[in-house]
Amino acid sequence: MIEVIDAERCTSCNICVSACPTNVFDKTDGLPVIARQGDCQTCFLCELYCPEDALFVSPYADAPHPVDVVALRQGELLGSYRRAVGWADGTRGQRDADRSYQLFGH
Ligand code: SF4
Ligand code: SF4
């Protein structure tokens, strides 16, 4: 479940607002807000698309698990899913190594 947007990293690009399939976020004049956390499907799309690694989606899908954003930042956990699946520039090799990616060529 989406837990936090890091106000220090977020640039208010609103990509996460557009990427979320269940309309969890609301745009504002500044940073987007997590307006409907209970509608989160833990799909990780917002974390995949955030260019600043400013989001954290907890693997716990059933209920919110409050997090410490400073600890997440220091532990390099923000954007960790994105890096793990090869969506970050530095981890592209992991995506290329994915057999299904090779088969379908995307
Ligand atoms: S995609 Fe990332 S940087 Fe852009 S508004 Fe959302 S949290 Fe902020
Ligand atoms: S994990 Fe998926 S459903 Fe949840 S806020 Fe992010 S994009 Fe929306």
**Item:** Single condition residue 69 does not satisfy, out of (1) within 15 Å of ligand 2 (Cβ to nearest atom); (2) in contact (Cβ under 8 Å) with a residue 40 or more places away in the chain
**Value:** (1)
**Complete:** Counting only residues that are among the small types (Gly, Ala, Ser) and more than 17 Å from residue 36 (Cα to Cα), region 52-69 contains a total of 1
**Fill in**
Taking region 1-27 and keeping only residues that are part of a loop (DSSP other than H, G, I, E, B) and near ligand 1 (Cβ under 10 Å from one of its atoms), one is left with 6, 7, 9, 10, 11, 12, 13, 14, 20, 27
**Request:** Hey, can you tell me all the residues within region 44-92 that are part of a helix (DSSP H, G or I), within 11 Å of ligand 1 (Cβ to nearest atom) and of a type in the set (A, V, I, L, M)?
**Result:** 45, 48
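Every read-out reported here was derived from the displayed coordinates using simple, explicitly stated rules and does not represent laboratory data. No experiment lies behind these values; they were computed from the predicted model shown. As a convention, Cβ positions derive from the backbone with ideal geometry for all residues, glycine included, and neighbour counts pool all protein chains shown.
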